[in-house]
Amino acid sequence: MMAARTEKTTHPGVYKVHRRTCSVRGAACTCQPAYQAVVSVFRDGKRLPVRRHFASIKAACAWRQDASSAARVGKLTVPTRTTLWEAAKDLIDGMRTGRIYDRSGRPYKPSTIRGYDTHLRTYILPALGGQRLSAITRRDLQVLLERLRGEPLSLSRRDPQRPLSAPGDLRPRTARRTARRRSHRGAEAAGRAW
């Protein structure tokens with residue numbers, strides 16, 4: 001149902017919206033109206049409207065045409081009030097209670113949950129936590145990723161399978177181990193010969 005200050009235009013899905021102070025009923029328009037374009041998006045089996053307001057009818061029609069195409073392909077999302085902080089809290093709570101499983105269908109291990117929680121709180125939520133999920137763009141994520149690449153990782157974030165090597169020894173761990181084995185075998189063989 002549309003409000004009394006909204007009236008249809010000749011363009012489908014575009015409405016003229018009068019200001020609250022306008023005396024539309026029975027008199028000529030006393031305001032400069034805005035134009036509202038509406039596109040329906042289907043999510044979870046429900047038809048949800050996506051509305052945008054514009055200063056001109058031409059801009060409203062253009063957006064509605066682009067948004068309709070995006071909705072047909074599935075690229076138009078319905079704005080949500082859920083913030084990234086709330087979604088992250090729901091994810092971690094779901095992992096802890098066993099409501100959310102990993103991709104193999106098993107519950108998450110406690111160490112994995114702690115890791116997700118730590119990384120979300122340390123890196124992602126301070127930067128994007130207050131934004132709505134529907135407002136976060138690929139560009140926002142790319143900027144965050146570039147910023148994180150510039151920060152040095154703490155020792156706890158290094159690869160645990162690769163310990164710190166001695167200064168000047170730039171060979172990988174397996175190459176150092178192989179060299180030690182060879183030298184040990186050579187000494188054993190020399191001892192047997194005597």
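HN-Hα J couplings of segment 94-105 from phi, Karplus 6.51/-1.76/1.60, θ = phi - 60°, integer Hz, Gly and Pro as x?
x, 5, 5, 7, x, 6, 10, 9, 6, 6, 8, x
Tell me, what ³J(HN,Hα) does each residue in segment 56-64 have, in order and in whole Hz, if you take phi through Karplus 6.51 cos²θ - 1.76 cosθ + 1.60 with θ = phi - 60° and put x for Gly and Pro?
Once rounded to whole Hz, the list reads 10, 5, 5, 5, 5, 5, 5, 5, 5.
Once the Cβ-Cβ distance between Ala70 and Val143 is put in as r, and R0 is 22 Å, what FRET efficiency do you end up with, to the nearest 0.05? Kindly include the intermediate steps, with their values, before the conclusion.
Details: r = 23 Å, r/R0 = 1.06.
Efficiency, rounded to the nearest 0.05: 0.40.
What do the square roots of 5 times the Cα gyration tensor eigenvalues come to for segment 1-103, in whole Å, largest first, as semi-axes of the equivalent ellipsoid?
Each semi-axis is the square root of five times an eigenvalue, giving 38, 17, 11 Å.
Normalised by the residues of segment 84-152, what does the relative contact order come to in percent, with Cα pairs under 8 Å and at least six apart?
Numbers: 34 pairs, mean separation 23.0, N = 69.
Relative contact order, segment 84-152: 33 percent.
Per-residue counts of other Cβ atoms within 10 Å, averaged by peptide: what ranking do you get for 127-138, 98-109, highest first? List each step's numbers first, then the result.
Working: 127-138: 13.3, 98-109: 10.7.
Highest-to-lowest ranking by the protection proxy: 127-138, 98-109.
Would you grab the residues whose amide H sits under 5 Å from the one on Leu76? Only those 5+ places off in sequence or on another chain, please, with H modelled 1.01 Å from N.
Answer set, sorted by chain and number: Ala71.
With θ taken as phi - 60° and the coefficients 6.51, -1.76 and 1.60, list the Karplus ³J(HN,Hα) couplings across segment 36-48 in order, rounded to whole Hz; mark glycine and proline as x.
So the J values, rounded to whole Hz, are 10, 9, 10, 10, 9, 10, 9, 9, 6, x, 10, 9, 10.
Treating the Cα atoms of segment 84-152 as identical point scatterers in vacuum, please give the log10 of the normalised Debye intensity I(q)/I(0) at q = 0.13 Å⁻¹, two decimals.
-0.43
None of the figures in this text is laboratory data; all of them are computed from the coordinates on show. Just so it is clear, the model here is predicted, and its values are computed rather than measured. Cβ coordinates were reconstructed from backbone atoms using ideal geometry, including for glycine residues, and neighbour counts include every protein chain displayed.
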